[in-house]
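Enquirer: Attaching a single structure in structure tokens format; questions to follow.
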Amino acid sequence: MSGFRIPFNRACLAGSEMDYIARAVENGFISGNGPFCRECERLLERHLPGARVLLTPSCTHALEMAAMLLDIRPGDEVIVPSFTFVSTALAFASRGAKPVFCDSRPDTLNLDEKLLPEIVTGRTRAVVAMHYGGVACEMDAIRSLTLEHGLALVEDNAHGLFGTYRGRPLGTFGSLAAQSFHETKNITCGEGGALAVNDASLVDRALVMRDKGTDRSRFLEGLVDKYTWVDTGSSYVLSDLLGAFLLAQLENASVFQEKRLRIWRRYMEGLSEWAGSSGVGLPAVPEGCAHPGHLFHLMMPDGAARRRLIGYLAERGIMAVFHYQPLHLSSMGRSFGGRPGQCPVAESAGDRLVRLPFFASLSAGDQDDVIEAVISSRAVL
């Protein structure tokens with residue numbers, strides 16, 4: 001990104017990250033699940049009422065834990081959106097399940113809840129709802145279907161921390177929900193994630209799985225005199241060095257959120273007229289959804305227009321990027337039965353979507369430059 005005057009993303013600092021990291025080193029506890037990590041979990045639990053939050057090294061690891069906790073096995077089917085990051089499907093495929101790809105809604109690009117009844121089978125075990133851009137999936141309809149068919153509901157909430165659906169925080173609808181603190185997310189520690197366990201009956205096993213399949217958490221609480229191997233699992237704890245960085249971010253979440261939402265609104269206001277006259281789609285936020293300002297995208301008329309816009313902006317030192325390529329068309333997706341035409345909305349989005357620079361420290365002047373450059377691209381589109 002160094003070659004661009006305005007990068008696509010830049011991690012923003014709260015100011016106390018290095019101080020907290022130094023404190024972690026001075027404390028002599030820099031491995032997993034230390035005091036900084038536990039404080040992060042407490043703060044996240046305030047944002048996700050009813051959840052037991054466990055920090056993990058990444059959102060991918062949190063999704064892997066979800067698959068383990070649900071005892072996903074070979075022969076099971078798990079419904080996932082095609083328009084998402086690979087981890088949404090990989091975590092379940094790695095357990096031997098077949099990912100069944102669902103197409104997107106044309107407005108929000110979320111999993112299209114109206115298609116779910118057509119793809120549920122006797123082998124279906126779970127539905128994974130990923131909130132694209134932090135705009136909520138239609139959770140009432142999805143929850144109703146999962147309850148009707150006795151399926152688990154998992155939220156991939158990598159984009160959605162601080163977003164809500166009908167006033168309820170995203171990440172509290174599924175029995176399990178995965179969070180991301182990757183460098184590109186609103187709140188970051190470089191690489192990191194969390195699993196929100198909303199089903200209390202799964203908490204004890206989640207603690208075991210996160211700590212290499214041992215009952216070490218019970219030992220640390222004084223409930224057993226030694227700990228040992230009791231279940232499946234892996235090393236899913238986050239280093240307290242990263243927890244220290246993350247705590248500084250979480251303590252300043254409201255500041256970051258205010259800035260990001262201001263940037264999102266400014267893009268929407270500045271580009272609405274141009275988009276309307278150029279046949280370009282802008283993000284849709286249905287009634288009842290409050291998003292966290294995670295990203296801002298344009299839906300270009302076709303793939304050629306997208307390539308021209310990205311190139312035009314690059315010539316002006318502005319980095320704009322595409323996003324997901326539909327999973328059902330990937331080589332792995334095809335091995336699970338994916339085929340062209342299966343998810344037409346996702347395929348169209350994969351060809352046409354452009355994301356504009358978006359980070360909390362994006363200055364008004366730089367954002368003006370992006371908006372002006374996009375509008376002036378009319379001549380080449």
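Enquirer: Which of the listed residues, Gly122, Val80, Asn110, is farthest toward the dipole's positive end in the range 73-132, when Lys, Arg count +1 and Asp, Glu count -1 at the beta-carbon?
Expert: Positive-end residue among those listed: Gly122.
Enquirer: When only DSSP loop residues count, what trypsin sites (Lys or Arg not before Pro) in the range 102-183 have their Cβ near at most 13 other Cβ atoms within 10 Å?
Expert: Numbers: sites: Lys114, Arg123, Arg125, Arg143, Arg166; in loops: Arg123, Arg166.
Passing sites in the range 102-183 are Arg123, Arg166.
Enquirer: Run the dipole for the range 332-374 about the Cα centre, Lys and Arg Cβ at +1, Asp and Glu Cβ at -1, nothing else charged, and hand back the magnitude in debye, nearest 20.
Expert: Numbers: 4 positive and 6 negative charges, 105 e Å.
So the magnitude is around 500 debye.
Enquirer: Considering Cα pairs under 8 angstrom that are at least six residues apart, work out the relative contact order of the chain and quote it in whole percent. Intermediate values should be presented prior to the final figure.
Expert: Details: 803 pairs, mean separation 87.0, N = 381.
Computed value for the chain: 23 percent relative contact order.
Enquirer: Follow-up question, since we're still on this one. Please compute the contact order of the range 253-379 in relative form: average sequence separation of alpha-carbon pairs under 8 Å and at least six residues apart, divided by the residue count, as a percent.
Expert: Working: 140 pairs, mean separation 41.7, N = 127.
RCO, the range 253-379: 33 percent.
Enquirer: How much length is gained on full extension from Ser331 to Asp107, taking 0.36 nm per residue of separation minus their Cα-Cα distance? Could you put the intermediate results ahead of the total?
Expert: Details: separation 224, 0.36 × 224 = 80.64 nm, distance 2.71 nm.
Stretched out fully, the Ser331 to Asp107 stretch lengthens by 77.9 nm.
Enquirer: Using alpha-carbon positions, what is the distance between the centroids of the range 86-135 and the range 346-363, in Å?
Expert: The distance from the Cα centre of the range 86-135 to that of the range 346-363 comes to 21 Å.
Enquirer: Rounded, prolate or oblate for the range 115-244? Axes are the square roots of the Cα gyration tensor eigenvalues, ordered a ≥ b ≥ c, and the cut-off for rounded is a/c under 1.5. Before the final figure, lay out each step's value.
Expert: On the way: a/c = 2.45, a/b = 1.39, b/c = 1.76.
In terms of gyration-tensor shape, oblate.
Enquirer: Assigning unit charges at the beta carbon (Lys, Arg +1; Asp, Glu -1) and nothing else, what dipole magnitude in debye, to the nearest 20, does the chain show about its Cα centre? Before the final figure, lay out each step's value.
Expert: Numbers: 38 positive and 43 negative charges, 96 e Å.
It comes to approximately 460 debye.
Enquirer: Go through the range 199-281 and name the trypsin sites (Lys or Arg not before Pro) that are in a DSSP coil and have 13 or fewer other Cβ atoms within 10 Å of their Cβ.
Expert: Numbers: sites: Arg205, Arg210, Lys212, Arg216, Arg218, Lys226, Lys259, Arg260, Arg262, Arg265, Arg266; in loops: Lys212, Lys226.
For trypsin sites (Lys or Arg not before Pro) across the range 199-281 that sit outside H, G, I, E and B with at most 13 neighbouring Cβ atoms in 10 Å, the list reads Lys226.
Enquirer: Also: Relative to a virtual label point 7 Å from the Cα of Arg339 in the Cα→beta-carbon direction, which members of the range 58-80 show backbone nitrogen distances below 19 Å?
Expert: Of the residues in the range 58-80, 80 have backbone N under 19 Å from the label point off Arg339.
Enquirer: Toward the positive end of the charge dipole of the range 243-309, about the Cα centre and with charges on Cβ (Lys, Arg +1; Asp, Glu -1), which of Ser254, Ala284, Ala244 goes farthest?
Expert: Of Ser254, Ala284, Ala244, it is Ala244.
Enquirer: Now a separate question. Quote the Stokes-Einstein diffusion coefficient, in whole µm² s⁻¹, for the chain, based on the Kirkwood radius over alpha carbon pairs, a temperature of 10 °C and a viscosity of 1.306 mPa s. Each step should come with its number before you reach the end.
Expert: Numbers: Rh = 21.5 Å.
So the translational diffusion coefficient is about 74 µm²/s.
Enquirer: For Thr214, what residues show an amide H to amide H distance below 5 Å, using hydrogens built from the backbone and excluding near sequence neighbours?
Expert: Val230
Enquirer: A follow-up question, please. What nm value, rounded to one decimal, do you get for the distance between Leu220 and Asp368 when each label is placed 7 Å out toward the C-beta?
Expert: It is 5.1 nm.
Enquirer: Related question: List the residues whose amide H sits under 5 Å from the amide H of Val321, counting only those 5 or more places along or on another chain, with H placed 1.01 Å from N in the peptide plane.
Expert: Arg355
Enquirer: Which is farthest toward the positive dipole end of the chain among Phe359, Thr228, Ser31, measuring Cα position about the Cα centre, with Cβ charges +1 (Lys, Arg) and -1 (Asp, Glu)?
Expert: Farthest along the dipole direction, towards plus: Phe359.
Enquirer: Using Cβ counts within 10 Å as a stand-in for footprinting exposure, how do Ile21, Ile187 rank, fewest first?
Expert: Details: Ile21 20, Ile187 25.
Starting with the residue having the fewest Cβ neighbours, the order is Ile21, Ile187.
Enquirer: How would you classify the range 67-147 from its alpha-carbon gyration tensor, with a ≥ b ≥ c the square roots of the eigenvalues: rounded for a/c under 1.5, else prolate if a/b is greater than b/c, otherwise oblate? Provide the component values of the computation, followed by the final result.
Expert: On the way: a/c = 1.90, a/b = 1.43, b/c = 1.32.
Because a/c hits 1.5 or more and a/b exceeds b/c, the range 67-147 counts as prolate.
Enquirer: Counting other beta carbons within 10 Å of each residue's own, what order do Glu41, Glu273 fall into, fewest first? List each step's numbers first, then the result.
Expert: Working: Glu41 20, Glu273 10.
Placing the least packed residue first, the sequence is Glu273, Glu41.
Enquirer: Order by neighbour count: Cys289, Cys137, fewest other Cβ atoms within 10 Å first, most last.
Expert: On the way: Cys289 22, Cys137 27.
Least crowded to most crowded, the residues run Cys289, Cys137.
Enquirer: Please list, in chain and number order, the residues 5+ apart from Ala136 or on another chain whose amide H is under 5 Å from its amide H, with Hs placed from the backbone.
Expert: Here the answer is Ala290, since their amide H atoms fall under 5 Å of that of Ala136.
Enquirer: Right, another one. Could you work out how far apart the two model spin labels at Glu251 and Glu183 are, taking each label as a point 7 Å from the Cα in the direction of the beta carbon, and quote it in nm?
Expert: 2.5 nm
Enquirer: For n ≥ 4 DSSP H runs only, could you compute -39500 (n - 2.57) per run for the chain, divide by its residues and tell me the 222 nm figure to the nearest 500?
Expert: Values: 14 runs with 148 residues, N = 381.
Theoretical 222 nm ellipticity from helices: -11500 deg cm²/dmol.
Enquirer: Taking the Cβ of Val25 as the centre, find all other residues whose Cβ is under 14 Å away and add up their charges (Lys, Arg: +1; Asp, Glu: -1).
Expert: That sum, taken over residues with Cβ under 14 Å, equals -3.
Each reported figure results from applying straightforward, stated rules to the coordinates on display, with no laboratory input. Computed from a predicted model, the values in this text were never measured in an experiment. Reconstructed Cβ throughout: ideal geometry from the backbone, glycine too, with neighbour counts over all protein chains shown.
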